[in-house]
Amino acid sequence: MEKQKYCVYNESRECFLSLNVNRADTTFARLKGMIGRLRLKYDEGLWMVPSSGVHTIGVLFPLDLIYLDENYRVIHLIEFFRTFRIAPLRTNAESVLQLPIHTIYSSQTQLGDQLLICPPEEMETRLSEETLYRNNRKERVG
């Protein structure tokens, strides 16, 4: 059985952070994390749920870390988190995204940003609805 993939979209900055994130929502999946992988492709990532912190012990490449609250709002960021380290715990974090380095920089993600995390099919529907809403709003205003 193939794992469900998720897309991560920064609603505040109107850009995608990743189109291919796996959800680690079991004890074993969270323990394993990125261990055993040789690299992380630019469009891949791991979403640790629940999690208030992660480690890179046994991970062979640095990561960008994005801590999220229960509403997927960004509450802490770490760019270029090196290997063989333990990240700080954030007790108000509900989950942590592990993404390729430079993801935070290239997306200009900041504290307080609102993320949307969902399967690709749902993402397409939500973004279509949002575009339709904005277009209707522009017609009424302009």
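The values are calculated or read from the model by the stated rules, or taken from the named source; none is laboratory data. Predicted, not measured: the structure shown is a model, and the values here were computed from it. Cβ: placed from backbone, ideal geometry, glycine included. Neighbour counts: every protein chain shown. Surface areas here come from the heavy atoms of the whole protein model, side chains and all, with no ligands, DNA or RNA. Shrake-Rupley method; radii C 1.70, N 1.55, O 1.52, S 1.80 Å.
Bin width 10 Å, alpha-carbon pairs only: give the P(r) of the chain as whole percents, running from 0 to the bin holding the largest distance.
The distribution over the chain is 12, 42, 31, 10, 4, 1, given as percents.
Heavy atoms only, probe 1.4 angstrom, no DNA, RNA or ligands counted: give me T27, T83, T103 ranked by accessible area, highest first.
T27, T83, T103
Specify the angular offset, from 0 to 90 degrees and rounded to the nearest 10, of the alpha carbon long axis of helix 120-141 from the longest principal axis of the alpha carbons in the chain.
Approximately 30 degrees, to the nearest 10.
Find which of L63, I86, T26 sits farthest along the positive direction of the dipole of the chain, computed with +1 on the beta-carbon of Lys and Arg, -1 on that of Asp and Glu, about the Cα centre.
In the chain, that residue is I86.
If I stretch the segment between Y42 and Y105 completely, what's the gain in nm (0.36 nm per residue apart, minus their alpha carbon distance), one decimal?
21.4 nm
Just to be sure I understand: with springs between alpha-carbon atoms less than 10 Å apart, which residue in I104, I75, I35 has the highest mean-square fluctuation in the Gaussian network model of the chain?
I35
Which is the longest part of the chain that has none of the GluC sites (Glu not before Pro) sitting in a DSSP loop with at most 12 other Cβ atoms within 10 Å?
71-142
Which value, in debye to the nearest 20, gives the size of the charge dipole of the stretch 20-61 about its Cα centre, when Lys and Arg are +1 and Asp and Glu are -1 at the Cβ?
Using only the charged Cβ atoms, the result is roughly 100 debye.
Any idea how many Lys pairs in the chain come in under 30 angstrom at the alpha carbon, given 8 or more places apart or on separate chains?
Pairs that pass both the separation and distance tests number 5.
Among rounded, prolate and oblate, which fits the stretch 1-55 when a ≥ b ≥ c are the square roots of the eigenvalues of its C-alpha gyration tensor, a/c under 1.5 means rounded, and a/b larger than b/c means prolate?
Since a/c reaches 1.5 and a/b is larger than b/c, the shape of the stretch 1-55 is classed as prolate.
Could you bin all the Cα-Cα distances of the stretch 54-114 into 10 Å bins starting at 0 and give me the percent of pairs in each, rounded to whole numbers?
Cα pair-distance distribution for the stretch 54-114, in percent: 25, 54, 21, 0.
Enumerate the calculated ³J(HN,Hα) couplings along the stretch 57-70 in order (Karplus 6.51 cos²θ - 1.76 cosθ + 1.60, θ = phi - 60°), each rounded to whole Hz, writing x wherever the residue is Gly or Pro.
With coefficients 6.51, -1.76 and 1.60, one gets 6, x, 8, 9, 8, x, 9, 9, 10, 10, 8, 10, 8, 5 Hz.
In whole Å, how far is the Cα centre of the stretch 89-142 from that of the stretch 1-77?
Answer, in whole Å: 15.
Provide the per residue accessible area, probe 1.4 Å, for the chain, rounded to a whole number of square angstrom.
Heavy-atom accessible area per residue stands at 61 Å².
Looking at the stretch 32-93, which chymotrypsin sites (Phe, Trp or Tyr not before Pro) are DSSP coil and have at most 16 other C-beta atoms within 10 Å of their C-beta?
For chymotrypsin sites (Phe, Trp or Tyr not before Pro) across the stretch 32-93 that sit outside H, G, I, E and B with at most 16 neighbouring Cβ atoms in 10 Å, the list reads Y42, F84.
How much of the accessible area of the chain, in percent, comes from carbon and sulfur atoms when a 1.4 Å probe is used?
Ligands and nucleic acids excluded, carbon and sulfur reach 52 percent.
Nearest 20 debye, what's the magnitude of the dipole of the stretch 22-127 about its Cα centre given +1 on Lys and Arg Cβ and -1 on Asp and Glu Cβ?
Working: 11 positive and 12 negative charges, 112 e Å.
Computed about the Cα centre, the dipole is about 540 debye.
Can you tell me the FRET efficiency between R73 and R30 if r is taken as the Cβ-Cβ distance and R0 is 22 Å, rounded to the nearest 0.05?
About 0.55, to the nearest 0.05.
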